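Notes follow the structure.
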Amino acid sequence: MAFIKRSRGWEIPGSLVTPEEVYLARRDFLKKASAAGIGAAVLATGCGAGIPSETARITYPEPESWKGLYPAKRNTAFTLDRDLTDETVAATYNNFYEFTTDKPAVAALSRRFPVYPWQVEVKGLVAKPKVYDIDDLVKMVPLEERLYRHRCVEAWAMAVPWTGFPLRALIGKVEPLGSAKFVRLVSFHKPELAPGQAMQSWYPWPYYEALTMAEAMNDLTLLATGIYGHPMPPQHGAPIRLVTPWKYGFKSIKSIVRIEFVEWQPTNFWHDVAPDEYDFYANVDPKVPHKRWSQATERLIGTDKRVATLPFNGYADQVAGLYRKA
Ligand SMILES: Nc1nc2c(c(=O)[nH]1)N[C@H]1C(S)=C(S)[C@@H](COP(=O)(O)O)O[C@H]1N2
Ligand SMILES: [Mo]
């Protein structure tokens, strides 16, 4: 046993992330947290507000081939009942367990994760399976910006401007067969680059999610490639992630590498981890508490505000029909 060398999570080959970066991000957060009077218990659960840091640099790929794509034209059909979340707050309070469960540390740990070039394989019950280059995807249909509410199952919320295109535009290109009833989406598996995957080996990596075909075809369902008027930074799920704003955030799978069309209802990562806490549909519902907390209200990150949770996160008009019994 003594001869087996196990590398620590942050000792990433090729030094993708330096321990200094993680250390600095963490130190800065701890300093601000103690100034704000946030105690150790809060730090342990990661429940502090995203604390903006002067040292936080929001970085993202900007290849030559993406010139002119961002900022994309805003689709004014999507309006908000609350202020947009400050960009730095949103970019320093991330759930992305592939890197760490420590929300403020995700940005530093993912900063150098290679998100360009990137490919997404689309396969299964389709007439035209294809491996798409991210450059094909960002140019397939005109990108648009949409302001969406975003609600985590942990009862915090934000509102952000995503840039992307409806998933159904891609579905149209690959021509699903009549037998395709569900869409399954899968994230990357690179434990050598993503310390949370290396260290938390008990999770069923890679992260996976799924939607019914009707949910996938709904106009709200986005494949997002950008945020705040520029390409997606790694911590938000670069270079391409799902956004289903009427569902709890865990359905909005980040950094997608595979999209499969299948006949039978697939399972999803969080359902498999805790079946009695997370279901397949995960539609936001103030009346259905989580096993360990109420979902009646939510905390708007970056503010002290707590507001009422809206059924379907405020998108009932667009999606409630999907769930009405015939
Ligand atoms: N691959 C992957 N996707 C993921 C997650 C994750 O850990 N891994 N976390 C989910 C959860 S719980 C939430 S709330 C959102 C957070 O997205 P954001 O960091 O861009 O706000 O991403 C979702 N997508
Ligand atoms: Mo979440």
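Brief remarks on what is shown
- Count of residues meeting criterion [of a type in the set (Lys, Arg) and either open to solvent by 20 Å² or more (accessible area, probe 1.4 Å) or without any contact (Cβ under 8 Å) to a residue 12 or more places away in the chain (or both)] in region 236-273: 2
- If you go through region 237-254 and keep only what is outside any loop (DSSP other than H, G, I, E, B) and in contact with a Phe, Trp or Tyr (Cβ under 8 Å, 6 or more places away or on another chain), you end up with Val243, Lys247, Phe250.
- Subset tally (residues that are hydrophobic (A, V, I, L, M, F, W, C) and more than 12 Å from ligand 1 (Cβ to nearest atom)) for region 127-160: 9
- Matching residues, region 228-253, being closer than 28 Å to Tyr323 by Cβ and away from ligand 2 (no atom under 16 Å from the Cβ): Ile240
- Residues located in region 171-218, provided they are at positive phi and crowded, with 16+ Cβ neighbours inside 10 Å: none
- Summed over region 211-227, the residues that are under 28 Å from Arg111 (Cβ atoms) and away from ligand 1 (no atom under 11 Å from the Cβ) give a count of 4.
The values are calculated or read from the model by the stated rules, or taken from the named source; none is laboratory data. Just so you know, these numbers come straight off a predicted model, no measurement behind them. Please note: Cβ atoms are built from the backbone with ideal geometry, for glycine as well, and neighbour counts cover all protein chains shown. Side chains included, ligands, DNA and RNA excluded: accessible areas come from the protein's heavy atoms. Shrake-Rupley method; radii C 1.70, N 1.55, O 1.52, S 1.80 Å.
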